[in-house]
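For reference, the structure is listed below as structure tokens.
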Amino acid sequence: MSITTPWLIHVGPLRSESKAVIKSERLPTLILNPLKEEEEGNHALVHAQREHINTLIAPQAGEATHYHYNLPGFASLMPATGLKALYPGLRETHSQPVETQTLFSVLSEHGEPTIAHLVLEQPEQALELLTAWQAEGLLEQLNTLYVRTSPESLYEGMPNQAELTAWCERHGFERHGFERHRFETGETNAEDPEFPLL
């Protein structure tokens, strides 16, 4: 793949809305998702221009704890709090120490591609990650940003939807504009209106 070609970068678990985004784009795609069990049934997402790396992305590389729950797709780097109210049957099945990487280091290994579309499915760290990526200049060429969020904080330290939206708007993202940055809302198509991909 040419390093001048814009890419779609997906960070975190693969949920139906983010799978739809990936399928709709005709760009080289890098899927950064550590959970092998979630890959069953996702073979349609794999082709010559899509690469999957089993890794966890964090604002800083190092050791962290990865929490797993009895519902697939909700594993996180922070313990669930409000998520237990949203899904009353949710319970932690186990936790394990893991090594995390930064997005910058992963992209450096791939020739530092330009990010055209970014899907961020790690709501527990969304604001921290976006702040770090903004400081590193990774969002400069971004056309579209998709971020999983919620009106309420669902994990320990997670920003709520209002905080995340305010940050995006302060940094030049627009909900329905066609400027350099676009902040699209996918709320109407969300599987769960309390946990939308914006």
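Can you give me the distance in nm between label points at Glu109 and Gln60, each placed 7 Å from the Cα along the Cα-to-Cβ direction?
Placing both labels 7 Å beyond Cα along the Cβ direction yields 2.1 nm.
Spelling out what I want: for every residue of segment 108-115, take phi, set θ = phi - 60°, compute 6.51 cos²θ - 1.76 cosθ + 1.60 (Karplus), and round to whole Hz; glycine and proline get x.
Result, rounded to whole Hz: 4, 5, 10, x, 6, x, 6, 8.
First check a/c for segment 93-181, with a ≥ b ≥ c the square roots of the eigenvalues of its C-alpha gyration tensor; if it is under 1.5, answer rounded, and if not, answer prolate when a/b is larger than b/c or oblate otherwise.
Here segment 93-181 falls in the oblate category.
Which cross-chain or sequence-distant (5 or more) residues have an amide H under 5 Å from the amide H of His66, H modelled 1.01 Å from N in plane?
Distant-sequence amide H within range of His66: Gln96, Val98.
Quick one: which residues, 5 or more positions from Val147 or on another chain, have an amide H under 5 Å from its amide H? H modelled 1.01 Å from N in the peptide plane, none for Pro or chain starts.
Amide H neighbours of Val147: Leu120, Leu198.
Using a 1.4 Å probe, what is the accessible area per residue for segment 78-169, in Å²? Intermediate values should be presented prior to the final figure.
Working: 3850 Å² over 92 residues.
On a per-residue basis, segment 78-169 sits at 42 Å².
Trp7's amide H: which non-local residues (gap 5+, or another chain) put their own amide H closer than 5 Å, with H modeled 1.01 Å from N in plane and none for Pro or chain starts?
Amide H to amide H, under 5 Å and 5 or more residues apart or across chains, Trp7 pairs with Thr114, Ile115, Ala116, His117.
Sort 142-153, 118-129 by packing, meaning the average of other beta carbons within 10 Å per residue, with the highest value first.
118-129, 142-153
Provide the packing ranking of 163-170, 73-80, i.e. peptides ordered by the mean count of other C-beta atoms within 10 Å per residue, highest first.
Result, highest mean Cβ count within 10 Å first: 73-80, 163-170.
Nearest 0.05, what FRET efficiency do Leu71 and Thr131 give at R0 = 41 Å with Cβ-Cβ as r? Intermediate values should be presented prior to the final figure.
Numbers: r = 28 Å, r/R0 = 0.69.
About 0.90, to the nearest 0.05.
When a/c reaches 1.5 or more, the comparison of a/b and b/c decides; with that in mind, is segment 65-121 rounded, prolate or oblate per its Cα gyration tensor?
prolate
The values are calculated or read from the model by the stated rules, or taken from the named source; none is laboratory data. Predicted model, so just to flag it, every value in this text is computed and none were measured. Virtual Cβ from ideal backbone geometry, glycine too; neighbours counted across all protein chains shown. Just so you know, the surface numbers come from the protein's heavy atoms only, side chains and all, with ligands and any DNA or RNA stripped out. Shrake-Rupley method; radii C 1.70, N 1.55, O 1.52, S 1.80 Å.
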